[in-house]
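Q: Okay, handing you the structure first.
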Amino acid sequence: MSDETVAKVRRWYRQRIWFARRDACLKTALYRCATAGCVNRATDCDHIRPHRGDWSLFIESSNHQALCHSCHSRKTAREDGGFGNRRREAGQGVGGGNPSARPPGQDRVPNRVFLHAGFS
Ligand SMILES: [Zn+2]
């Protein structure tokens, strides 16, 4: 999503109609997480199809499902790098980078020099 879309969607999440839809979604689901096998209490209303700034997908109840916070975070992180975050570039983080590499200067403790030793 563009920065503009992110700003627009942030406003949507503050609208009363969204809170009403979210509450309805959670109540209809009896606060049960929609993930199979998950027994956590649902606290989040998830968009089954990511709305990506599309108002009708955003607000349409048929596109809503109740999820617990951890399932919801996992799902959104998979879809778009988390709400408001940029999607990861393809290939980034796969095989790239050397985990044993350290920033320069941190592989060695500098020798201390006691200039005033013996003069106390
Ligand atoms: Zn869950």
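Only the coordinates and a few stated rules stand behind these numbers; no lab work does. Everything quoted here is computed from the prediction, not taken from an experiment. Glycine gets a Cβ as well: all are built from the backbone with ideal geometry, and neighbour counts include every protein chain shown.
Q: Of the listed peptides 37-46, 1-10, what is their order by residue-averaged count of other C-beta atoms within 10 Å, with the highest listed first? The partial results should precede the final answer.
A: Working: 37-46: 15.5, 1-10: 12.3.
Peptide ranking by packing, descending: 37-46, 1-10.
Q: May I ask you to compute the full-extension gain from Tyr13 to Thr43, defined as 0.36 nm times their residue separation minus their alpha-carbon distance, rounded to one decimal in nm? Before the final figure, lay out each step's value.
A: Values: separation 30, 0.36 × 30 = 10.80 nm, distance 1.48 nm.
Extra length from Tyr13 to Thr43 when fully extended: 9.3 nm.
Q: Along Cα→Cβ, 7 Å out, is where each label goes; now give me the distance between the ones at Ala20 and Ser61 in nm to one decimal.
A: Each label point is offset 7 Å from its Cα along the Cβ direction, giving 1.1 nm.
Q: Compute the label zone of Ser2 within segment 30-58: residues whose backbone N is under 14 Å from the point 7 Å along Cα-to-Cβ.
A: Zone members listed by number: 53-54.
Q: Return the equivalent ellipsoid semi-axes of segment 3-80 as a descending list in whole Å, where each equals the square root of 5 times an eigenvalue of the C-alpha gyration tensor. Show your work: numbers first, answer last.
A: Details: eigenvalues 86, 43, 20 Å².
Each semi-axis is the square root of five times an eigenvalue, giving 21, 15, 10 Å.
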